[in-house]
Amino acid sequence: MNKKPKIILDTDPGGDDIFALLWLQSLVRQNLAEIVAITTAQGNVEAEVTFACASQVMGLLGLESSIPLGKGVICQQLEIGDAAYIHGNDGMGGLSGTLPKSQHNFEIAPAADEVIIEQLSASPGQITIIAIAPLTNLAAAEEKCPGILKLAKEIIIMGGAFQVPGNVTANAEFNIGFNPEAAEIVFQSRTDIVVLPLDITNKLIFTPEMAVELTKEQQNHSISKFVMALTEFMTKTSLVYRQTEGKNGFLIHDAATIAYLFYPETLLLQRGNVEIELNGKLTKGQTFLDHRHFPKSQSNSWVALEVDNYNLLACFIEDLKHL
Ligand code: BDR
Ligand code: CA
């Protein structure tokens with residue numbers, strides 16, 4: 001029996017999104033995973049830009065053009081601005097000119113929520129959604145087609161901040177704070193959401209030395225050059241915006257979702273109920289986890305609160321050598 005996970009990646013590239021995609025593709029290369037669709041989201045940069053960025057990176061990685069690429073549903077009421085100041089205006093550190101041209105057309109591309117509905121309906125219980133962006137697309141699919149998210153095998157989300165401060169406001173993490181109402185819909189859609197929050201992703205610092213290690217065998221390969229240049233850019237902006245406590249490197253937040261699926265021994269999760277603050281003047285977009293020791297019948301999530309960051313990064317580096 002073929003047990004390779006079939007995956008929809010919902011993403012808003014984004015430097016760390018790109019590293020999550022690189023990791024996923026390295027697992028595809030090892031015949032350990034299958035990407036059935038990529039859906040792009042408005043978030044780190046505008047929907048049109050995340051779409052173009054994903055398309056170009058797919059070209060760089062030699063991903064089959066038959067893999068559907070969805071364009072992001074537009075969020076009607078924006079809570080916060082984008083994160084181009086960290087990721088670059090093109091979502092990839094100004095490197096878009098160095099990659100193959102976008103192979104998909106935004107105008108005629110299917111909407112991300114439609115892609116999600118189509119894929120889940122065609123393969124109920126078989127597809128894992130890895131969501132590493134604001135949850136607008138997933139929520140739109142659920143609103144259009146109530147119950148559709150229950151048809152996913154599993155939903156794995158990078159988002160939230162429970163016992164640490166937020167990264168876009170004092171209390172909110174970007175993916176939840178960008179569209180808290182969408183997050184609320186997704187967290188109410190099922191009882192087994194897997195959450196990789198800032199509590200653990202703040203420890204995933206990828207350094208230029210690690211980039212040298214993973215590219216040293218094939219320094220002239222186009223992927224190696226891209227990895228080195230993107231690492232350099234992300235490291236610079238991360239230092240300016242003090243994302244890494246002054247350490248030389250950047251946070252590969254979104255890659256934590258791939259670790260959960262393929263290296264779960266690097267994470268410790270707690271069962272509990274996650275709720276999103278929708279009203280607070282200072283707390284809108286904050287995530288709360290009730291993990292008191294009561295019977296867990298009301299719980300909706302598994303939340304990672306501890307990480308073996310050294311081993312997670314070691315797995316990441318070794319896998320990326322397969323690209
Ligand atoms: C999340 O926000 C985005 O800027 C990153 O890509 C990641 O998905 C981290 O808070
Ligand atoms: Ca992201």
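Amide H of residue 35: which non-local residues (sequence gap of 5 or more, or other chain) have their own amide H closer than 5 Å, using H built in the peptide plane?
Those qualifying (amide H under 5 Å, at least 5 residues apart or on another chain) are 7.
Check the straight Cα-Cα distances from residue 144 and name the lysines below 22 Å, setting aside those fewer than 8 residues away within the same chain.
Candidates past the 8-residue exclusion: 71, 153.
About its Cα centre, how strong a charge dipole does region 205-253 have in debye, to the nearest 20, once Lys and Arg get +1 and Asp and Glu get -1 at the Cβ?
Around 140 debye, computed over region 205-253.
Looking at 93, 196, 316, which one has the Cα that reaches farthest to the positive end of the dipole of the chain (charges on Cβ: Lys, Arg +1; Asp, Glu -1)?
Projecting each Cα onto the dipole axis, the largest value belongs to 316.
Region 49-130: which GluC sites (Glu not before Pro) are DSSP loop and have at most 16 other beta-carbon atoms within 10 angstrom?
Working: sites: 64, 79, 107, 114, 118; in loops: 64, 79, 107.
Hits after loop and neighbour filter: 64, 107.
So how strong a dipole does the chain carry about its Cα centre when Lys and Arg Cβ are +1 and Asp and Glu Cβ are -1, to the nearest 20 debye?
Numbers: 22 positive and 37 negative charges, 88 e Å.
It comes to approximately 420 debye.
Enumerate the calculated ³J(HN,Hα) couplings along region 166-175 in order (Karplus 6.51 cos²θ - 1.76 cosθ + 1.60, θ = phi - 60°), each rounded to whole Hz, writing x wherever the residue is Gly or Pro.
Couplings: x, 10, 10, 10, 4, 10, 10, 7, 4, 5 Hz.
Tally the DSSP beta bridges in the chain and give the antiparallel ones as a percent, rounded to 5. Kindly include the intermediate steps, with their values, before the conclusion.
Values: 12 of 37 bridges.
Counting DSSP beta bridges with both partners in the chain, the antiparallel share is about 30 percent.
What is the packing order of peptides 308-320, 150-162, taking the mean over residues of other C-beta atoms within 10 Å and listing the highest first?
Per-residue mean Cβ counts within 10 Å order the peptides as 150-162, 308-320.
List the residue ranges in the chain for DSSP H helices whose C-alpha atoms run 24 angstrom or more along the long axis and whose Kyte-Doolittle average is 0.5 or above.
Helices meeting the criterion: 222-240.
Once amide H atoms are placed 1.01 Å from N in the peptide plane, what residues at a sequence separation of 5 or more from residue 89, or on another chain, have their amide H within under 5 Å of its amide H?
The list, which skips near neighbours in sequence, is 94.
Throw me the Rg/Rh for region 6-320, computed over C-alpha atoms with Kirkwood Rh, two decimals.
Details: Rg = 17.9 Å, Rh = 19.2 Å.
For region 6-320, the value is 0.93.
Using a Cα-Cα cut-off of under 23 Å, which lysines could be cross-linked to residue 203, ignoring same-chain neighbours fewer than 8 residues away?
236, 247, 321
Coordinate-derived values only; no laboratory data. Note that the structure is a prediction, hence the values are computed from the model and not measured. With ideal geometry, Cβ positions are generated from the backbone for all residues, glycine too; neighbour counts draw on all protein chains shown.
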